[in-house]
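The values are calculated or read from the model by the stated rules, or taken from the named source; none is laboratory data. Since we're looking at a predicted model, the values are computed, not measured. Cβ sites come from the backbone with ideal geometry, for glycine too, and all protein chains shown count toward neighbours. The protein model used for the area step is the full one, side chains on, heavy atoms only, and it has no ligands, DNA or RNA in it. Shrake-Rupley method; radii C 1.70, N 1.55, O 1.52, S 1.80 Å.
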Amino acid sequence: MNAPHILVVEDEQRLARLLVSYLKAAGYRASAQHDGLSVQSTVAAGDVDLILLDWMLPGMDGLTLCRALRAGGDIPIIMMTARAQEEDRLDGLDSGADDYICKPFSPREVVARVRAVLRRRPAGTPQPGLQIDEQGLRAFVHGKELALTPVEFRLLKILRDAPGKALSRDDLRTWVYEDRRIVHDRTIDTHVKNLRRKLEEAGLAEAISAVYGVGYRWEARSARQP
């Protein structure tokens, strides 16, 4: 169970099964997904050590997905694609991929690339910072899920999506309570206090700062703390 887990994201299911088979034979844990939409949720759960990512995927293309994953953490990514032009390779690497392999390829070469990338980043390293699974209404810090209430989750997302911006209590109240219920400032303060405590316990100290006379601000630097 301590073997690195490799996630193969490939819509050609026969190829995905082949790669999973070779990776398992090489001693890795491996699984496959066939579209780009659910990958972020899987990664946020914290049990993925490297992603083999196809460029052409249904739902969300690999390049867009790579950028989204890189914005939320530093999990190793190897891009797989039939696009062999130099410009395409540069686009893949510029999007945050650690390596780039062109189709058609040998599964043994893929395993060798996986091994080389993992040597540069030891398996089992927890993912740094905050990750938010919007579809699942879940949040993770360093790969561990936070026990958040629905209000705390909405507060977290609102603040995280506006790094460095001071948000007033009125703004937070309006955005958090969509039914426009009457809520006192002290209620918002209590929710923020509980959210800050949970973030600090998870390893994101000072992620939310109080702005005197205004409200609260998300400190972008805190989301990158190891």
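Here are the numbers:
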read-out: Candidates D161, D171, D179, D189, filtered to the one that is over 30 Å from I6 (Cβ atoms) and at pLDDT below 75; value: D179
read-out: The stretch 32-65, residues that are open to solvent by 40 Å² or more (accessible area, probe 1.4 Å), within 22 Å of H142 (Cα to Cα) and not in a loop (DSSP other than H, G, I, E, B); value: Q40, T42
read-out: Enumeration of residues in the stretch 1-25 that are part of a loop (DSSP other than H, G, I, E, B) and open to solvent by less than 40 Å² (accessible area, probe 1.4 Å); value: A3, P4, E10
read-out: Qualifying residue in the stretch 106-115 (condition: surrounded by 13 or more Cβ atoms within 10 Å (Cβ to Cβ) and modelled with pLDDT under 85); value: no
read-out: Single unsatisfied condition, A16 versus (1) farther than 23 Å from R120 by Cβ; (2) touching a Lys or Arg at 6+ places or on another chain (Cβ under 7 Å); (3) among the hydrophobic types (A, V, I, L, M, F, W, C); value: (2)
read-out: Which numbered condition Y212 misses (of (1) modelled with pLDDT of 85 or more; (2) within 25 Å of the chain's Cα centre (by Cα); (3) not charged (D, E, K, R)); value: (2)
read-out: Checking G96 against (1) modelled with pLDDT under 80; (2) under 29 Å from R138 (Cα atoms); (3) in a helix (DSSP H, G or I), the condition it does not meet; value: (3)
read-out: Residue match in the stretch 126-135 (condition: open to solvent by 70 Å² or more (accessible area, probe 1.4 Å) and at pLDDT 80 or above); value: no
read-out: Hits in the stretch 187-210 (condition: free of Cβ contacts under 8 Å to residues at least 40 places away in the same chain and among the basic types (K, R)); value: K193, R196, R197
read-out: Within the stretch 66-81, tally of residues that are under 21 Å from L146 (Cα atoms) and part of a loop (DSSP other than H, G, I, E, B); value: 3
